[in-house]
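Reviewing the structure listed below.
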Amino acid sequence: MHRTQDTYSLSNFRQRTSEHLDRIREGRVETITQNGQAAMVVMSPERYDFLVHSAERGHMWREAIRAHRAGEPGIPAREAIRSVAEELGLEL
């Protein structure tokens, strides 16, 4: 979750980079401003991967709902569960 207190100026980010990296490694997301305007968002690679994965999964759900509403055949539930379990590294 992004918090307004996680907004810092670019000069602060430059001067205290190690402090910022410590917070980012803890999972915080920081907005860096330049001339009072948001210029970038900084996060850990793990947080970024999670966000990308979540967006991709959301797209897949929207497509599945669209296909269902259009009457297109789906895949068997057991196959879908196996696929998700494999993706998550779980054993059934």
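Each reported figure results from applying straightforward, stated rules to the coordinates on display, with no laboratory input. Model, not experiment: these values are computed from the prediction. Positions of Cβ are generated from backbone atoms using ideal geometry, with glycine treated the same way; all protein chains shown enter the neighbour counts.
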Against the definition (free of Cβ contacts under 8 Å to residues at least 40 places away in the same chain and within 27 Å of Tyr8 (Cα to Cα)), how does Pro73 come out, yes or no?
no
Across (1) over 21 Å from the mean Cα position of the chain (by Cα); (2) loosely packed, with under 10 Cβ neighbours inside 10 Å; (3) not β-branched (Val, Ile, Thr), Ser11 clears everything bar (2)
